[in-house]
1. Report the normalised scattering of segment 2-79 as log10 I(q)/I(0) at q = 0.18 Å⁻¹, calculated by the Debye formula with identical scatterers on the alpha carbons.
2. Express in nm, to one decimal, how much length is gained between LEU34 and ALA64 on full extension, taking 0.36 nm for each residue of separation and deducting their alpha carbon distance.
3. Need one number: nm distance between label points at LEU15 and ILE72, each 7 Å from Cα along Cα→Cβ, rounded to one decimal.
4. Along the charge dipole of segment 2-79, Cβ charges K/R +1 and D/E -1, which of ILE10, ALA73, GLN55 sits furthest on the positive end?
Amino acid sequence: MYELRFGEDIAPGALLESMRGIEGQRMKALYRALAQRQKLRPFKHSYDPLDWSAQDPVNVALSAASAAFYGIAHAAISHLGCSRALEFVHTG
């Protein structure tokens, strides 16, 4: 599935952790490109649930949007009668 989705060769027997690392690098590059396009200052996407108010506003927006998206995706998957354990690479 990963090769079909991203068009990248994955070594046979590659561990899930290495595929997550590849995904993480893809997301960093995407965040960097989007930040440059929107003329935002460089930032590091991180999430600290114990110190929400001290985070960069871009991180707060990304974290909130991500939580909302996962909720919507979960609702759609459940509505279809599929297993909520269906995932794609990002988590185990």
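Any read-out appearing in this document is the output of simple, stated calculations on the displayed coordinates, not a laboratory observation. A quick note: this is a predicted structure, and the numbers were derived from the prediction, not measured. FYI the Cβ positions are ideal-geometry reconstructions off the backbone, even for glycines, and counts take in every protein chain you see.
1. The computed values of log10 I(q)/I(0) come out as -1.00.
2. Using 0.36 nm per residue and subtracting the Cα-Cα distance, I get 9.1 nm.
3. 3.5 nm
4. The listed residue farthest towards the positive side: GLN55.
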